[in-house]
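Undergrad: Could you have a look at this structure, given as structure tokens, before my questions?
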Amino acid sequence: MQIAQDTVVVIHYTLKDDAGATVDTSDGGDPLAYIHGNGNLVPGLENALEGKRAGDKVSVKILPAEGYGDYDKGLVQRVPRRSFKGVADVRPGMQFQVQSEQGPRSVTVTSVAGDMVTVDGNHPLAGKNLNFDVEVVEVRAPSEEELAHGHVHGPGGHHHH
Ligand code: ZN
């Protein structure tokens, strides 16, 4: 069976940056299971996997436009320390959920200077090339329940109790 719209796809993957450092990998853990063509993976990776079969290996470099988007300086903001109510110690690397016009957004604290905190709302991989090595483990039709839920059940997917 080939990977196509709404097929259940199970993959092992390794993501590296342009310097060859591993950013993320399923190696040593469960493979990733997803329903193809529903925006679960970045567009460039879904495009590269289209039409592949179990056992196929894919290596692809994905540019930011097909990955996590370009780095947007407008998403970097300085906010007063006092807006972090209830957080005793704001430090670089901490992540917070904030409300934005596009809904909830995750921001990362990048620096703290005196009473001002700089936060960055970009995805950590925004503006970066994504170098994926993927092995297709399984391709199968979804169950009606999986299609209705929009996610895969069982190994690598969701477990309902
Ligand atoms: Zn479900």
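The values are calculated or read from the model by the stated rules, or taken from the named source; none is laboratory data. Source: prediction; values computed, not measured. For accessibility, only protein heavy atoms count, side chains too; no ligands or nucleic acids. Shrake-Rupley method; radii C 1.70, N 1.55, O 1.52, S 1.80 Å.
Undergrad: Being among the small types (Gly, Ala, Ser), open to solvent by less than 30 Å² (accessible area, probe 1.4 Å) and assigned to a loop (DSSP other than H, G, I, E, B) is the filter here, so list the residues in the range 1-36 that pass it.
TA: If the condition is that a residue be among the small types (Gly, Ala, Ser), open to solvent by less than 30 Å² (accessible area, probe 1.4 Å) and assigned to a loop (DSSP other than H, G, I, E, B), then SER26 is the only one that fits.
Undergrad: If you don't mind, there's one more thing I want to ask. Working only within the range 113-153, note down all residues that are in a loop (DSSP other than H, G, I, E, B), open to solvent by 60 Å² or more (accessible area, probe 1.4 Å) and within 17 Å of ASP17 (Cα to Cα).
TA: Correct list: HIS123, PRO124, LYS128.
Undergrad: Would you please name the residue that is farthest from ASN122 (Cα to Cα), looking only at residues in the range 89-109 that are open to solvent by 70 Å² or more (accessible area, probe 1.4 Å) and modelled with pLDDT of 85 or more?
TA: Looking at residues that are open to solvent by 70 Å² or more (accessible area, probe 1.4 Å) and modelled with pLDDT of 85 or more, I get ASP89.
Undergrad: Would you confirm whether or not the range 77-86 contains a residue that is assigned to a helix (DSSP H, G or I), open to solvent by less than 70 Å² (accessible area, probe 1.4 Å) and in the same structural domain as ALA21 (by TED's automatic domain parsing)?
TA: The answer is no; no qualifying residue exists.
Undergrad: Does GLY44 satisfy the condition of being outside the structural domain of VAL109 (by TED's automatic domain parsing) and part of a loop (DSSP other than H, G, I, E, B)?
TA: So GLY44 fails the test.
Undergrad: Another question, if that's okay. Working only within the range 41-87, note down all residues that are under 28 Å from SER111 (Cα atoms) and basic (Lys, Arg).
TA: Result: LYS73, ARG78, ARG81, ARG82, LYS85.
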